[in-house]
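What follows is one structure encoded as structure tokens, with my remarks underneath.
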There are 2 protein chains.
Amino acid sequence: MDKAQEKAERILAGEVRVAARLMRDLDDGVPEAREVLKLLYPRSGKAHVIGITGSPGVGKSTLTDRLIQHLRETGKTVGVVAVDPTSPFSGGAILGDRIRMQRHALDEGVFIRSLATRGHFGGLTASARAIITVLDAMGKDYILVETVGVGQDEVEIAAAAYTTLVVTVPGLGDDIQALKAGLLEVADLLVVNKADKDGAERTYQDLLLMLDLRTIKTPGTWQPRVYQTSAKENQGITELMEGIRAHQEFLHQDGGRALATTRAERLRQEFLELLKEGVFSRLVEQITQSGRLEAIVQDILARRSDPYSAVETVVAAALGKSEV
Amino acid sequence: MDKAQEKAERILAGEVRVAARLMRDLDDGVPEAREVLKLLYPRSGKAHVIGITGSPGVGKSTLTDRLIQHLRETGKTVGVVAVDPTSPFSGGAILGDRIRMQRHALDEGVFIRSLATRGHFGGLTASARAIITVLDAMGKDYILVETVGVGQDEVEIAAAAYTTLVVTVPGLGDDIQALKAGLLEVADLLVVNKADKDGAERTYQDLLLMLDLRTIKTPGTWQPRVYQTSAKENQGITELMEGIRAHQEFLHQDGGRALATTRAERLRQEFLELLKEGVFSRLVEQITQSGRLEAIVQDILARRSDPYSAVETVVAAALGKSEV
């Protein structure tokens, strides 16, 4: 058995440390790590992935914490991917709020992984997906993906889940109204957190109205629902979990037709994103080694060429004889 | 003269409507628009590009507005690119704060363009850069690029400027401390806005200390500076502009060696980003037409393959006979 296969076996057997090490190696761009991922992939696809997104400060971490607690109480195992790119250049994962989740650290049924930077994997989305694959292969029943709902990458990660929760709070500014409008389109469930605060009922009614105005009620499609929670006080969590299960059941009904469609879509997206990074990094390698990259940069700097024409020339030369 | 050339000429002659139309066409992916951009490119490279970034709510738009006003008073022409992706799925540009800038709308020396989505150009960064090229070719002396400092794309856009301003305010939460730490690395100038608020002096001192701790004072490199402003009250703007000019002079000293390095770096980045989109979209076209994409998705869904192996196979087939 080669090394990659041995690692895959150990992860599938539940060795948490080997899994944690693999995730680090994936981020660091260790080539062998990707081989392990290939072996794990066929064993993934069973977990229910839940995306949790919303502006900074709406209490996503506390809500995630409550969902973990609730799922654990019903005997489910949970994986968590917390995507926090608010420190795009600092390199390390930021703890901060995560620390609150640490009470689950000794629970073997919970595995939490923070992701702060793109790493070497090619994109935050690719990194997040790789971690989801590992957690899924490890046999976690639920995988919670928590992302800050600002920035396209972050929203896309949450939207790539099977069930997407968009979290908001009463009384956010105008600025956030716009955000909400954008996030609305990816929400399967909307959560008004901090529902003990003033204006919660109004925010709740506003969201209901917005949904009512913009949703086309096609039979057989999912109608987004709105929930009120107070994660800090552990209120509304049971109801929200029922909503999550209702969406999960919706995906599984009729022999799982909706789920199959969702899966195929997500997968196509995942493949294409990996392809983008893959073809690009290989091409950059080629033009760096041949010295062509430097020549192009010099040409453009001297205004003898422009980046748009240069790209066309390189792409034509690169793919002109491709066999795909 | 062909149509693209005619448009380029009209934009270079200062026809604002033709320029505005081109920007829309670029976003809509009109092929001819890119031809116009190619023609404009050799005429760009003269403007000084200033990035302005920071968390939502720190007053970036008001500050930008004041900088426009100040630059206009000294007879400079100004282009503004406001990148607001907080509505990733809504499609249209969000006005909101922008409206405040509308008082410049009748000033021919100012051109403001909002950018809310990726459009068809391939990436928010690519779209922003294309607009900068147009504004630059139009002869604007200064181009201000305002972005929300959350999300990697947004930070990168601001960091791609020649002079990058990172804006903060007194008394932001922990969450934002982390952000600040990340943004610190891209800042040429740090701005404590809303300096009339409690805690401004402390934030100012904190930033000075942070800079002092982490900056390696290599002779001949730029030492980031910290400024206090109250954009709303129009205070501290003159001093900040002096800081911007000092950085500009730094870039131009010794025959512009620092500027040349910065330019070459930015350009390499720009070319590579365009190349990434270019090679990817062409490859996707090829594998979609040949039916290979669908076959791959089905194979992975059936767990006969995995996305990582599939990407390797496609990339090898695509670039195996490339001539670059």
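Data table
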{"quantity": "Under 20 Å from the Cα of A:Lys194 - lysines, other chains or at least 8 residues apart", "calculated": "A:Lys60, A:Lys180, A:Lys232"}
{"quantity": "For the protein assembly as shown, convex hull of alpha carbons as volume per residue, Å³", "calculated": "176 Å³"}
{"quantity": "Exercise: per-residue mean of other protein chain Cβ atoms within 10 Å, A:283-289", "calculated": "4"}
{"quantity": "Debye log10 I(q)/I(0) at q = 0.15 Å⁻¹ for chain B, Cα point scatterers", "calculated": "-1.23"}
{"quantity": "Cβ neighbours within 10 Å from other chains - mean over A:309-317", "calculated": "6"}
{"quantity": "At least 24 Å along the helix axis (C-alpha) and Kyte average at least -1.0, DSSP helices within chain A", "calculated": "A:237-289"}
{"quantity": "Averaged over B:30-36, number of beta-carbon atoms from partner chains that fall within 10 Å", "calculated": "1"}
{"quantity": "Built amide H within the under 5 Å cut-off of A:Val167, gap 5+", "calculated": "A:Thr53, A:Gly54, A:Val191"}
{"quantity": "Centre separation in Å (Cα based) which lies between the range B:18-45 and the range B:195-211", "calculated": "42 Å"}
{"quantity": "Dipole of the range B:205-322, positive direction: furthest Cα of B:Leu251, B:Ala310, B:Phe271, with charges on the beta-carbon", "calculated": "B:Ala310"}
{"quantity": "Candidates A:Lys232, A:Lys197, A:Lys217, ranked by Gaussian network fluctuation over chain A, Cα under 10 Å, top entry", "calculated": "A:Lys217"}
{"quantity": "Label point distance in nm, A:Asp141-A:Val30, each placed 7 Å from Cα along Cα→Cβ", "calculated": "3.2 nm"}
{"quantity": "Label geometry 7 Å along the beta-carbon vector: A:Gly220 inter-copy distances in nm", "calculated": "7.0"}
{"quantity": "Label point distance in nm, B:Thr218-B:Glu15, each placed 7 Å from Cα along Cα→Cβ", "calculated": "4.8 nm"}
{"quantity": "Relative contact order, percent, chain B [alpha-carbon distance under 8 Å, six or more residues apart]", "calculated": "18 percent"}
{"quantity": "Rh by Kirkwood over Cα pairs, then Stokes-Einstein D for the range A:1-41 at 0.890 mPa s and 25 °C, µm²/s", "calculated": "250 µm²/s"}
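All of the numbers you see were taken from the coordinates with simple rules; none came from a lab. Just so we're clear, the structure is a prediction, and the values are computed from it rather than from any experiment. Ideal geometry is used to build each Cβ from the backbone, glycine not excepted, and the neighbour counts take in all protein chains shown.
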